[in-house]
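Below is one structure, written out as structure tokens; the observations come after it.
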Ligand SMILES: C[S@@+](CC[C@H](N)C(=O)[O-])C[C@H]1O[C@@H](n2cnc3c(N)ncnc32)[C@H](O)[C@@H]1O
């Protein structure tokens, strides 16, 4: 064994032990030759997914602010820093993931990402809008998914929304009329009609899964919450721009947005 190898090995062993103590990890991150989740059930996740949609993101985020909602171990927060974002805030409702995020960011030298325990339902507390909001892999974990999108639109979305949801059911999208008569029932059986599947118990051994949209539904929910889809960057990933709410605005005192 040469001198260099002798000095690296104990460090790697220590890192491995620290990573394992913070586990289990959902994000597989390279912390300098030691990976956080090398046996991830989705492979190199989310790195392999990110590679597929990253070309659709702005390359240079200099001067921009980013909010990463449901940041988990901070993979996307750090990628945004890597693109030059000036201010990155990662929020998650699970302290175990936030501890992983702080450890990963510090280990990789991203000392100025702010990680906070905050639920998506409480984003108003941030008191600012962000140029880029990342809302990846969270929607289907929520009991109130449309409320979350409404709150993001109302309080924190400034321009871009990078959105992902697990989708199940048909991948087709049926073009719909503005309205249908009461007697029209067949439309609801069409596979491309927007459909949100309710998970009463568990899905994928995970009780935190609540509502899983099909593709048409994911896209319709984005539009209905005031996000214009610019690019479908990957099967389940959308780059959207904040637009006007299509209905009478949420937050004006109405409990439910009026459609007309
Ligand atoms: C499937 S992981 C997705 C992580 C990451 N955004 C990604 O796409 O790889 C879901 C994350 O959302 C977080 N989460 C669940 N409910 C949340 C809530 N109400 N507010 C904020 N984060 C939440 C979980 O703790 C978890 O870190």
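Key figures
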{"item": "Hits in segment 116-146 - residues which are more than 10 Å from the ligand (Cβ to nearest atom), under 18 Å from residue 223 (Cα atoms) and out of contact with any strand residue (DSSP E or B) (no Cβ under 6 Å at 6 or more places or on another chain)", "result": "146"}
{"item": "Test for residue 111: is it at pLDDT below 95 and away from the ligand (no atom under 13 Å from the Cβ)", "result": "yes"}
{"item": "Candidates 51, 13, 59, filtered to the one that is within 16 Å of the chain's Cα centre (by Cα) and either in contact (Cβ under 8 Å) with a residue 24 or more places away in the chain or more than 11 Å from the ligand (Cβ to nearest atom) (or both)", "result": "51"}
{"item": "Number of the condition not met by residue 159 [criteria: (1) closer than 21 Å to residue 234 by Cβ; (2) surrounded by fewer than 16 Cβ atoms within 10 Å (Cβ to Cβ); (3) within 8 Å of the ligand (Cβ to nearest atom)]", "result": "(3)"}
{"item": "Subset of segment 189-204 (residues that are within 16 Å of the ligand (Cβ to nearest atom) and either within 20 Å of the chain's Cα centre (by Cα) or in a strand (DSSP E or B) (or both))", "result": "199, 203, 204"}
{"item": "Test: residue in segment 195-212 that is free of Cβ contacts under 8 Å to residues at least 40 places away in the same chain and surrounded by 18 or more Cβ atoms within 10 Å (Cβ to Cβ)", "result": "yes"}
{"item": "For residue 103: the one exception among (1) touching a helix residue (DSSP H, G or I) at 6+ places or on another chain (Cβ under 7 Å); (2) away from the ligand (no atom under 13 Å from the Cβ); (3) assigned to a helix (DSSP H, G or I); (4) without any contact (Cβ under 8 Å) to a residue 60 or more places away in the chain", "result": "(4)"}
{"item": "Residue within segment 30-45 that is within 12 Å of the ligand (Cβ to nearest atom), touching a residue at least 40 places away in the same chain (Cβ under 8 Å) and either under 18 Å from the mean Cα position of the chain (by Cα) or surrounded by fewer than 16 Cβ atoms within 10 Å (Cβ to Cβ) (or both) present", "result": "no"}
{"item": "Check on residue 217, modelled with pLDDT of 95 or more, more than 17 Å from residue 152 (Cα to Cα) and within 21 Å of the chain's Cα centre (by Cα)", "result": "yes"}
{"item": "Filter pass, residue 54 being crowded, with 21+ Cβ neighbours inside 10 Å, at pLDDT 95 or above and under 20 Å from residue 237 (Cβ atoms)", "result": "no"}
{"item": "For residue 108: the one exception among (1) within 23 Å of residue 165 (Cα to Cα); (2) over 14 Å from the mean Cα position of the chain (by Cα)", "result": "(1)"}
{"item": "Residue satisfying all of: in segment 68-96; part of a helix (DSSP H, G or I), within 11 Å of the ligand (Cβ to nearest atom) and over 14 Å from the mean Cα position of the chain (by Cα); nearest to residue 148 (Cα to Cα) among these", "result": "95"}
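The values are calculated or read from the model by the stated rules, or taken from the named source; none is laboratory data. Note that the structure is a prediction, hence the values are computed from the model and not measured. Here the Cβ is made from the backbone with ideal geometry for all residues, glycine too, and neighbour counts use every protein chain on show.
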